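**Q** Sharing a structure here in C-alpha cells format.
The values are calculated or read from the model by the stated rules, or taken from the named source; none is laboratory data. Since the structure is predicted, the reported quantities are computational estimates derived from the model, not experimental observations. With ideal geometry, Cβ positions are generated from the backbone for all residues, glycine too; neighbour counts draw on all protein chains shown.
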Amino acid sequence: MKVFKTLFLVLAIVAGMVLAACGTPDSTASDTTSADGKTQTETVSYDKVVYAYATFNNTPTEEALAEVEEAINVITREKIGVEVELMPIAIWDYSSQVSLALQGGEKIDVFQSLGDLNTAISTSMCLDITDMMGENAAESQELIGDDWLAATSFEGRIYGLPTYKPIALTPMFVYRQDIADELGLDMSKVNSTSDLTSILEQVKAAYPDMTPLAAVNTGNIGLGLTVENVDYLTDNYYEPKGVLMNDELTVVDYYASDEFADLCSLARTWYTNDLVMKDAATTSSTAAELMSAGNYFGYIASYSYPEEDTAASLEAQCGGYDLGAKMIGSAFLDTTAINALTWMISSTSDVPESALKFLNMTFTDEEVCNLIIYGIEGRDYVQNGDGTVSYPEGLDPATVPYTSQLSCGTLGNFFIMYPMGGTNVESLAWELEQNKNAKTSVAMGFTFDNSNVKTEYTAVTNVISQFLPGLICGSIDPETEIPVFLERLDEAGLGTIIAEKQTQLDAWVASNK
Amino acid sequence: MKKKKEKIEKKSKLVKTWPLLLISLPGLIYIFVNSYIPMFGVFLAFKDYNYVKGIFGSDWSGFDNFRFLFKTRDAWIMTRNTVLYNVAFIIIGTVIAIFVAILLFEMGKKLRVKFFQSAILLPNMLSWVVIGYVVYAFLNADSGFINNSILKPLGMEEISWYSNIKPWPFILIIVHIWKYMGVNSIIYMASIAGIDKGIFEAAELDGASKTMQIFRITIPMLKPTIIILTLMAIGRIFFSDFGLFYQVPQNSGRLFDVTQTIDTYVYRGLMQLNDVGMSAAAALFQSFVGFILVVSANALVRKIDSENALF
Amino acid sequence: MKENIETKQFRKFATIVLSVISVLALLPILLIAVASVTSEDVLISSGYTFFPSKLSLDSYYYMVRQSATILRAYGISIMVTFLGTVIGVLVTAMLAYPMARKNFRLRNVMAFFIFFTMLFNGGIVSSYIMWSQIFHIKNTIWALVVPNFLVTAFNVFLVRNYYVNSVHESIIESVQIDGASEIRIFFSIMLPLSIPVIATVSLFTGIIYWNDWINGLYYITDPKMYGIQNLLIRIMDNIQFLKSASNAALLGTQNIDLPGTSVRMAMAIIGILPILIIFPFVQQYMIKGVVLGAVKG
C-alpha cells in the first residue's frame, strides 16, 4: 500500500506542476505584450520579420540567437525599420517544418525552397512579389539580374530570389595525387568519363586490393551528371522525368536515350571489371569517408571551384591524402540550377514589404549576411586580417554559441560572405565568371507545374528509385534491365508527364518569343 | 421477490455509472483532446490544399488524392507485402513471445531472469536508422561481417545481399522479431503472472507434468491476451513499420518486390511532391481498411466469446 | 519429489535456450559498441568486426566535447520519461478499470471511443495547430510529455484485458457490500492487484518516452529543451539527408565534413546507456510485481 500512497503523493505534486505550467504560457504571453508596449513607448514601432533558414550546424540556444538577432536589428532598425527574428531549422526536416508552421498559422515571413519552388508556387505558399520588387528589393534585382529571376518566375510573375552563389557545377574526377604520380598516370588526358576507364584499370593492376572508384553517396557513382547538355525541366537531378537534350525544344524520355544507355553500359563495364565499389547502390558511406579509409583511388562529383582549390579543400576530410582534381565535363545551367534554392515571402505574411526589404539586405548588406552565417565577431568567429575568418581559439563549429557556416551556399549572397581561413580568395572571381560563362539551357527560365500529373509522378518516382541506382552504379545489367525499366515507366505514366511538360513548354516558348 | 431483486440490481447498475465514469474522466478527456479535436485534419484528404485558403477554405477535390494509391502496377505488390508481412509478424511474433515468456516465467526469481530480460529488451531501444547500419554491417558486399568473417573463411561464395531478393523476407522477419521479442514477451509474462496459482498447484497434485501444465493451462489461459493483441494488430494490418522496410534494406531498388509496402511507396512517391492532401489520403485509406477488418473480426470474436471482444 | 526434478530440468532447458536468445540479441549491439571504438579508416576499409585491428576513442572525444549539451539532454529525457510514465500509467489504469466492470453500462461505448483513436487520427497538422495555438505548450516540458503518448489505446486495452481475466468480479462485489466507494475500491484494491500489468505498461510507456523524438521535433525549438533522442536524431538525420545523392547535388554540399560512422555508432550507444543503468532498478519492481501478483491472484 505504501507504494501507492507515495505514488498518489507524486501525482498530486505533478498535478500541481501541470497547473503551474498551464499558467506559464500566459505569463510569457504577457511578457511579449509588455515588450511590445515598451517598443511603443519608444515612439517607433518596427515591423517584425521572421526569417526561417535551413541549418546544418547545431541549433543555437535562444540566448545565443537573441544576441545575433539584436546585432542584426541594430542595423535593420535604422536602415529599413524592421526587427528580425531568426528561425534556424535543421536541414533534414526544413521543408516539412515550414509547411507545418505555415499551415498552423504561425508567423514565418521569409523562407527558402529546397528544390521545390514549383510546389510552393502551385499551392500558393509564396507570394507574387513582382510588383514589390522595384520599391523594396531593387538592389537585389540588379545584382541577381533578370536572367536568373526568370528562373524563379512562373507565367511572367516573380515569386522569389535565387540564392546568389557559384552555381555552375563542373563534373570532376577527384583522385589520389600520390598514386597518380607513382604510377605516372597522365591525368591531363582525361577529359571525359570514358577516358577514365584506362586510368582505373591501371590503378587496379598496380593495386589489386584497391577499389579504384568510390561512390559519391548512396546510389550514385557520379556518372549521372556527366551527361552534358541535359535540361531536367525542374525535376530532381537524380530522378529526371522527361528532359530536353541537345538544345532541342522537344521533351524526350531521358532513359530511352543513347546517352543514358552508354552511361549504363560504361558503369556495367566498370562494375564487372571490379573498377568500382560493389555496393555503390546501397552504401552507407560517402566519398569522403571512403577516401579517408585509404583503399579507394578517386570519385566523380561536381564542384563549383577551380580544380586546384577543389582538391585542396577536400584533402582534410579525405584523410589528409594528397589529392588532385580533373574536370571531365563542362558546367550546364538549367532552371533548377538557379531556383533550387530560392528565397520567398510567405503568402501568410502580414508584413510582406518589410520582409522583402530584409530579404534584400541578406543579398546586399555584408554585415547582415555575415551575422547570419558566422554570428558575433569575437564570440563566434575571429577575423584573420586577410579578409578570411576562423573560429575563436579552442572552439569549433560544434562548440561556438552560434554558427551556420555550413549554410553559406544556401542563403543570401555568397560573394559578400567572409571566406573561411584557408580558402583561396581569388577563386571567387573565377566562380563568378563561371556563373556567367557556363552553357545555358534553351529553356532557361521555364518552370514545370506538376499539379496536373501528381498521380503519375508518384508512380514514376517509385519506378525510378527501383531501377536507376542499380543501373547507374553498374550492379544490374543494362542489356536486359533497361527495356524492363522503360516498360515500367511507360505503365506508370511517364508518357503523360512528358506530354504535359511539352504542352507547358510550348506555351512558355510562345509567350517568351 | 425476484422482481424486487432485479429492481435493486438495476438501481445499483445506474448508481455505478457515475463513480466509474468519474474515474475514467481524466483519460476520456485526454483522448478527446489529443485524438478527437484534431480529427478535422481528415478533411485534407479530400482537399486540393492551398496555403492561402487553409484547410477549410481549400477546394474540394473529391477522391483525387486517393488515385495515386491505385493507379500503379505496384498497388498489388505493396498491398500484398504489407498484409503478408503483418500476418507473419502476428503469427510468428506471438508464438515466439509466448515461448520466451513461459521460459522466463518458469525461471522464477533468479538473477539470471534479469539478465535475460534486459538482453532481449535492449534491441527495442535502437532506432531503425541504427538497426539499418547494424544489418548493413552484417550484410554489405565489400566488408560485411557475414561475407568477410563467415562465408570467406569457409570457402563459400560471397553473396551480394542487397541485390538478392530471396533471403529478404526472412531477414525482415528476423529483424522484426529481434527488435520486438522482448517487449511482446513481457506482455505475456504479465498475463501468466495473473493466472491463479491454485490451478497449477491442483494440476501438480494430479500429477500433470510441466509440459502438460504449459499446454493445458498456461496457453489456454493466455487466450484473451492473444485475442486482444491480434485484434489490435489486425487494425494496423495496412500499416507497416516504415523504418524496417526503408532503412533496413538500404532503399535498395532490387529488393522492391519484397520490401515495397504502402508506407514506403507513399514516402518515395511524395518525397518531391510534398503534398499534404495525398499523404492524408493514404493514411485515411490505411485506417479505413483496418477499421473494416477489425470491426468484422471483432464481431466474429463477440459471437464466439463476447468476454474477449475489444468492444 | 518427481515434480521437483522435472522443474529443475525444465529450468535447465529454459536457461540454455534463453542464454542462446540473449546472446543473439546482444551480439549486434556488441558489434555497434565495438564499432564505436574502432578507428574510422579501419571501419571503412575492412568493415565491422568484433576484433578490430585498430582501436580509437575519437568518437567519444567528439561526444565529450559536447558533454554539457548531452548531460542536459539526459536530464530532460529522464524527467520527461518519469513524468510521462507516472501520469500516463495512472490515467491509463483509471480509464481501463471501469471498462472491465461487466455491469458498467458505457463499457462498450467507451471501448469503441478509445479503439477508434488507434486507427484514425487527424494527422500532424491539426494536432500541431491545436497544441501550439490553443494550449501553447511549445518549448515547455509539457510539450514533451502531453501530446500523443500519455494514454494510448494499446495500453488501455492491455490493462482492461488484465482486469477482465485476472481479477475476479467477486472481489469487488464483496468489498462493495462493505460500502466502499468506487474510487476507494480502485485505488486501494484494484490498483495493487494489477501490479504485473501496471509494471508492464509502465515499462512500455517509459520506453516510448525515452525513445520519442516526434514531440521534440514539432514542439521544441529551443535546444535547451532537447531530449537525448532529439539531439541524436538531429545529427543522424542531417547525415542521412545529406547522403541522399539528390540533396547533396542540389545544395552543393558534397564537400561537407560529416561525422563518421564510428561517431554515429557512439551516438547509438549513448542513447541506450542510461537504460542499461536504470533498467535493473525498474526491473526489480517488475519482477517483484510479477511474483507478487501471482501470489495474490
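**Q** Tell me which residues, restricted to region C:168-191, are in contact (Cβ under 8 Å) with a residue 12 or more places away in the chain and at the interface with another protein chain (Cβ under 8 Å from one of its Cβ atoms).
**A** C:186, C:191
**Q** Please note which helices (runs of 4 or more DSSP H) are completely contained in region C:61-167 and include at least 2 residues that are under 20 Å from residue B:228 (Cα atoms) and touching a Phe, Trp or Tyr at 6+ places or on another chain (Cβ under 9 Å).
**A** Details: elements: C:67-100, C:107-119, C:123-129, C:141-145, C:153-166.
In region C:61-167, C:67-100, C:107-119, C:153-166 are the helices (runs of 4 or more DSSP H) which contain 2 or more residues that are under 20 Å from residue B:228 (Cα atoms) and touching a Phe, Trp or Tyr at 6+ places or on another chain (Cβ under 9 Å).
**Q** So residue C:222 clears everything in (1) more than 19 Å from the chain's Cα centre (by Cα); (2) farther than 22 Å from residue C:132 by Cα except one condition, right? Which one?
**A** Condition (2) is where residue C:222 drops out.
Residue by residue, here is whether (1) touching a His at 6+ places or on another chain (Cβ under 7 Å); (2) touching a residue at least 60 places away in the same chain (Cβ under 8 Å); (3) of a type in the set (Gly, Ala, Ser); (4) more than 10 Å from chain C (Cβ to nearest Cβ) holds:
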site: B:188; (1), (2), (3), (4): no, yes, no, no
site: B:193; (1), (2), (3), (4): no, yes, yes, no
site: B:201; (1), (2), (3), (4): no, no, no, yes
site: B:207; (1), (2), (3), (4): no, no, yes, no
site: B:216; (1), (2), (3), (4): no, no, no, yes
site: B:219; (1), (2), (3), (4): no, yes, no, yes
site: B:223; (1), (2), (3), (4): no, yes, no, no
site: B:227; (1), (2), (3), (4): no, yes, no, no
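**Q** State whether the residues of region B:94-112 include one that is away from chain C (no Cβ under 14 Å) and in contact with a helix residue (DSSP H, G or I) (Cβ under 9 Å, 6 or more places away or on another chain). Break it down stepwise before answering.
**A** Of the residues in region B:94-112, the ones away from chain C (no Cβ under 14 Å) are B:94.
With the extra rule that they be in contact with a helix residue (DSSP H, G or I) (Cβ under 9 Å, 6 or more places away or on another chain), the set shrinks to B:94.
Among the residues of region B:94-112, at least one is away from chain C (no Cβ under 14 Å) and in contact with a helix residue (DSSP H, G or I) (Cβ under 9 Å, 6 or more places away or on another chain), which makes the answer yes.
**Q** Continuing with the same structure: Condition first: among the aliphatic types (A, V, I, L, M) and either in contact with a Gly (Cβ under 7 Å, 6 or more places away or on another chain) or within 7 Å of another protein chain (Cβ to nearest Cβ) (or both). Now tell me which residues in region B:119-140 satisfy that.
**A** We begin by selecting, within region B:119-140, every residue among the aliphatic types (A, V, I, L, M); these are B:119-122, B:125-126, B:129-131, B:134-135, B:137, B:139.
Passing the criteria: B:119, B:120, B:121, B:122, B:125, B:126, B:129, B:130, B:134, B:137.
**Q** From the residues in region C:162-186 that are of a type in the set (Ser, Thr, Tyr) and within 32 Å of the chain's Cα centre (by Cα), which one is nearest to residue B:20 (Cα to Cα)? Give the steps one after another, and end with the answer.
**A** Of all residues in region C:162-186, those of a type in the set (Ser, Thr, Tyr) come to C:162-163, C:166, C:170, C:174, C:181.
From the residues that got through so far, the ones that are within 32 Å of the chain's Cα centre (by Cα) too are C:162-163, C:166.
Details: C:162: 18, C:163: 14, C:166: 19 Å.
That would be C:163.
**Q** Which one of these does residue C:74 not meet: (1) in contact with a helix residue (DSSP H, G or I) (Cβ under 7 Å, 6 or more places away or on another chain); (2) closer than 27 Å to residue B:144 by Cα; (3) of a type in the set (Phe, Trp, Tyr)?
**A** Result: residue C:74 passes all but (2).
**Q** So residue B:59 ticks every box in (1) touching a residue at least 60 places away in the same chain (Cβ under 8 Å); (2) out of contact with any helix residue (DSSP H, G or I) (no Cβ under 7 Å at 6 or more places or on another chain) but one. Which box is left unticked?
**A** Single failed check for residue B:59: (1).
**Q** Another question, if that's okay. At pLDDT 85 or above, hydrophobic (A, V, I, L, M, F, W, C) and surrounded by fewer than 22 Cβ atoms within 10 Å (Cβ to Cβ), is that true of residue C:270?
**A** On the way: at pLDDT 85 or above: yes; hydrophobic (A, V, I, L, M, F, W, C): yes; surrounded by fewer than 22 Cβ atoms within 10 Å (Cβ to Cβ): yes.
So residue C:270 passes the test.
**Q** Among the numbered criteria (1) more than 8 Å from chain C (Cβ to nearest Cβ); (2) modelled with pLDDT under 85, which single criterion is violated by residue B:197?
**A** (1)
**Q** Considering only region A:95-108, state which residues are within 22 Å of residue A:57 (Cβ to Cβ), more than 9 Å from chain C (Cβ to nearest Cβ) and outside any loop (DSSP other than H, G, I, E, B).
**A** Within region A:95-108, A:95, A:98 qualify.
**Q** Looking at region C:1-45, which of its residues are within 14 Å of chain A (Cβ to nearest Cβ) and either under 27 Å from residue B:210 (Cα atoms) or of a type in the set (Ser, Thr, Tyr) (or both)? Break it down stepwise before answering.
**A** Pass one, region C:1-45, residues within 14 Å of chain A (Cβ to nearest Cβ): C:32, C:35, C:38-45.
Within region C:1-45, C:38, C:39, C:45 meet the criteria.
**Q** Another one. For region C:126-152, which positions are buried (at least 21 other Cβ atoms within 10 Å of the Cβ), over 20 Å from residue C:205 (Cβ atoms) and at the interface with chain B (Cβ under 8 Å from one of its Cβ atoms)?
**A** C:126, C:129
Table: residues versus (1) more than 13 Å from chain C (Cβ to nearest Cβ); (2) in contact with a Leu (Cβ under 6 Å, 6 or more places away or on another chain); (3) crowded, with 19+ Cβ neighbours inside 10 Å; (4) under 22 Å from residue B:252 (Cα atoms).
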{"site": "B:145", "(1), (2), (3), (4)": "no, no, yes, yes"}
{"site": "B:150", "(1), (2), (3), (4)": "no, no, no, no"}
{"site": "B:157", "(1), (2), (3), (4)": "yes, no, no, yes"}
{"site": "B:164", "(1), (2), (3), (4)": "yes, no, no, yes"}
{"site": "B:169", "(1), (2), (3), (4)": "yes, no, no, yes"}
{"site": "B:173", "(1), (2), (3), (4)": "yes, no, no, yes"}
{"site": "B:178", "(1), (2), (3), (4)": "no, no, yes, yes"}
{"site": "B:181", "(1), (2), (3), (4)": "no, no, yes, no"}
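**Q** How many residues does region C:1-38 contain that are assigned to a loop (DSSP other than H, G, I, E, B) and either within 26 Å of residue B:110 (Cβ to Cβ) or at pLDDT below 85 (or both)?
**A** Step one: filter region C:1-38 for residues assigned to a loop (DSSP other than H, G, I, E, B), giving C:1, C:37.
Imposing the further condition that a residue be either within 26 Å of residue B:110 (Cβ to Cβ) or at pLDDT below 85 (or both) reduces the set to C:1.
Adding up the residues that qualify gives 1.
**Q** Hey, residue A:255 hits all of (1) touching a helix residue (DSSP H, G or I) at 6+ places or on another chain (Cβ under 7 Å); (2) surrounded by fewer than 17 Cβ atoms within 10 Å (Cβ to Cβ); (3) assigned to a helix (DSSP H, G or I) but one; which does it fall short on?
**A** (2)
**Q** Another question, if that's okay. Which of the numbered conditions does residue C:189 fail, given that it passes all the others? Conditions: (1) of a type in the set (Val, Ile, Thr); (2) out of contact with any Pro (no Cβ under 7 Å at 6 or more places or on another chain); (3) crowded, with 18+ Cβ neighbours inside 10 Å.
**A** (3)
**Q** Follow-up. What tally of residues in region B:199-213 results from selecting those that are surrounded by 12 or more Cβ atoms within 10 Å (Cβ to Cβ), part of a helix (DSSP H, G or I) and not polar (S, T, N, Q)? Write out each step before concluding.
**A** To start, the set of residues in region B:199-213 that are surrounded by 12 or more Cβ atoms within 10 Å (Cβ to Cβ) comprises B:199-200, B:202-204, B:208-210, B:212-213.
Cutting the leftovers down to part of a helix (DSSP H, G or I) gives us B:199-200, B:202-204, B:210, B:212-213.
Okay, now just the ones that are also not polar (S, T, N, Q), so B:199-200, B:202-204, B:210, B:212.
Count: 7.
**Q** Tell me, which residue of region C:220-229 that is of a type outside the set (Val, Ile, Thr) and farther than 14 Å from residue A:61 by Cβ is modelled with the lowest pLDDT? Reasoning before the result, please.
**A** Residues of region C:220-229 that are of a type outside the set (Val, Ile, Thr), as a first pass: C:222-227, C:229.
Next, from what is left, pick out any that are farther than 14 Å from residue A:61 by Cβ: C:227, C:229.
Details: C:227: 91, C:229: 88.
Only one residue tops the list, namely C:229.
**Q** Also, quick follow-up: Those residues that are in contact with a helix residue (DSSP H, G or I) (Cβ under 6 Å, 6 or more places away or on another chain), surrounded by 21 or more Cβ atoms within 10 Å (Cβ to Cβ) and of a type in the set (S, T, N, Q), I need them from region A:123-172; list them, please.
**A** Passing the criteria: A:136, A:140, A:152.
**Q** Given the criteria acidic (Asp, Glu) and assigned to a loop (DSSP other than H, G, I, E, B), does residue A:195 qualify? So that I can check it myself, show each step before the final result.
**A** Numbers: acidic (Asp, Glu): yes; assigned to a loop (DSSP other than H, G, I, E, B): no.
No; evaluated as a whole, the condition is false for this residue.
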